[in-house]
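Accompanying notes for the structure given below.
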Amino acid sequence: MGLPIPGLVTLPTPLLKNDNDASQNTKHYKLLKRPRPSYFEDTTKTKKPRFNNKAPIKSPQICPKYDGLIAIGKTITINGQNFDIEELGEGAHHKVYQFTGEQKLAIDNKVIDLSKTVLKISNPKRTDRQKHDDQWNSLEAHKYLEALEVPQPEVYIRPDTFVDTDVKMQNKSGGFWIVEKMEGEAEITNTQVKTFVKKWLTDAANQNKEIIGDLKPDNVMLKNGNCYIIDPSKPQKTKNRFTNELFLTLNRWTKHLENDIKTEIFNELIADFPVELKEEINNLA
């Protein structure tokens, strides 16, 4: 019997007369390998485009700014111009920068004073897929709140409409927001803030559904005495009941206050809620 052939298995022919004849009465059977399933190529179905049939993501062209060999800040390139920026804050999904010095940008026949704006980009720690989802979720939420006439900062540049005037960068530069800069944080003891929060929570209570996603102190800012939603978010479908979500929102606005003031403002915020819903919330308090 010769050496085994790679990839073949040798099986003896059944019903041999004796073992001495086995070497002359064997047959080679080629191993049959089950084809490996392909998860990326399916000829029977139409291939799904990348990123849920939406345009591929573009990235803000942000680079370090150097003084010799020392990094002294960052710049962003827009329409062939470099603008100095410094970080204001970072969240799970976004980073926010402000423009430093006196810098102006011409967009759509308008000259924007960048010192009165902020730059918002996807957090660089996020994956391309996550950045893409963040951008489109923010756009959809912005349009959703706009349709409801919920106050938002004025938008000068947004990811879906911006086209860089530098032809070489048109397929790369983008994926950022430039919006109106706010003046201060919202505190529920402020009359304008309390009126704003009460209006939208009462509307939600009467409709028995969340209207503004993430209506919390970190997401509301003031300018000229008016309140604005700075990070638009659509209502989320959760397993918890709407009453619980409403109570959590109320608690976010009042939990840091002293007991007497907390109770007073809490009761003011729910004063115009439906009676049954008000009782449920009081039972949770």
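Brief remarks on what is shown
- Among the residues of segment 219-238, some residue qualifies, meaning at least one is among the charged types (D, E, K, R) and touching a strand residue (DSSP E or B) at 6+ places or on another chain (Cβ under 8 Å).
- Scanning segment 163-173 for residues that are open to solvent by 20 Å² or more (accessible area, probe 1.4 Å) and assigned to a loop (DSSP other than H, G, I, E, B) returns Val163, Thr165, Asp166, Gln170, Asn171, Lys172.
- Flag for Val150 being touching an Asp or Glu at 6+ places or on another chain (Cβ under 8 Å), open to solvent by less than 50 Å² (accessible area, probe 1.4 Å) and either under 30 Å from Trp200 (Cα atoms) or of a type in the set (Lys, Arg) (or both): no
- Ile178 within 29 Å of Asn82 (Cα to Cα) and touching a Ser or Thr at 6+ places or on another chain (Cβ under 7 Å): yes
- Number of positions in segment 114-140 that are assigned to a helix (DSSP H, G or I) and either over 19 Å from Gly73 (Cβ atoms) or open to solvent by less than 40 Å² (accessible area, probe 1.4 Å) (or both): 15
- Enumeration of residues in segment 240-285 that are touching a residue at least 24 places away in the same chain (Cβ under 8 Å), open to solvent by 40 Å² or more (accessible area, probe 1.4 Å), in a loop (DSSP other than H, G, I, E, B) and over 19 Å from Lys199 (Cβ atoms): Ala285
- Taking the criterion of being over 26 Å from Gln170 (Cβ atoms) and touching a Pro at 6+ places or on another chain (Cβ under 7 Å), the only residue of segment 60-95 that qualifies is Ala71.
- Cβ-Cβ under 6 Å pairs, at least 6 apart or on other chains, segment 137-159 side at pLDDT below 95, far side of a type outside the set (Gly, Ala, Ser) and part of a helix (DSSP H, G or I): Pro159/Gln135
The values are calculated or read from the model by the stated rules, or taken from the named source; none is laboratory data. Given the structure is predicted, the values throughout are model-derived calculations rather than measurements. Here Cβ is always computed from backbone atoms with ideal geometry, including for glycine, and neighbour counts include all displayed protein chains. Each accessible area value is taken on the protein alone, full model and side chains, heavy atoms only, with ligands, DNA and RNA left out. Shrake-Rupley method; radii C 1.70, N 1.55, O 1.52, S 1.80 Å.
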